[in-house]
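> Questions regarding the structure given below will be posed in turn.
The values are calculated or read from the model by the stated rules, or taken from the named source; none is laboratory data. The structure displayed is predicted, hence computed values, not measured ones. Every residue, glycine as well, gets a Cβ built from its backbone with ideal geometry; the counts of neighbours run over all protein chains shown.
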């Protein structure tokens with residue numbers, strides 16, 4: 001299950017500049033990220049704007065309630081809007097376009113932003129993250145191990161291998 005984590009909840013509504021706030025990547029890291037995206041067949045941009053993502057997180061929770069297929073589609077559309085198109089996913093107009101394109105009711109999305117329908121759930125996710133020791137993104141709880149930061153696929157595969165149950169234990173065979 002994907003759990004949202006708002007890394008900078010006190011960020012201004014308009015977002016911030018990565019370069020002006022010391023959040024940019026080195027040229028080497030940027031080149032590597034762009035190369036990986038290209039190799040995977042996904043165009044990628046690395047916008048300077050670090051958007052305030054709270055509205056996007058609320059919209060994703062609406063999508064989660066609509067079902068796993070809707071959630072995955074909305075999650076992918078938000079991610080692509082930012083990293084493929086360089087759009088400001090903190091901008092309500094951008095998010096409402098995504099909502100409509102993915103079958104969410106834009107009026108319901110705006111209502112949830114205004115009435116705080118999902119604030120309690122998002123707050124619970126923050127407390128869960130703090131209890132697990134999450135203080136950056138990306139982070140993943142894989143079985144009982146917290147994996148923090150980006151990791152090569154081989155590292156993630158090894159973590160999953162360590163926590164998998166051998167078939168003989170799963171079936172009770174001796």
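> Keeping to region 24-56, report how many residues are assigned to a loop (DSSP other than H, G, I, E, B), under 21 Å from residue 139 (Cβ atoms) and touching a strand residue (DSSP E or B) at 6+ places or on another chain (Cβ under 6 Å).
Here the count works out to 0.
Here is a yes/no grid of residues against (1) surrounded by 17 or more Cβ atoms within 10 Å (Cβ to Cβ); (2) at pLDDT 95 or above:
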| position | (1), (2) |
| --- | --- |
| 23 | no, no |
| 55 | yes, yes |
| 62 | yes, yes |
| 81 | yes, yes |
| 100 | no, yes |
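> Given the condition in contact with a strand residue (DSSP E or B) (Cβ under 7 Å, 6 or more places away or on another chain) and closer than 25 Å to residue 38 by Cβ, answer yes or no: does some residue in region 57-74 qualify?
Keep residues of region 57-74 that are in contact with a strand residue (DSSP E or B) (Cβ under 7 Å, 6 or more places away or on another chain), which gives none.
No, because not a single residue in region 57-74 is in contact with a strand residue (DSSP E or B) (Cβ under 7 Å, 6 or more places away or on another chain) and closer than 25 Å to residue 38 by Cβ.
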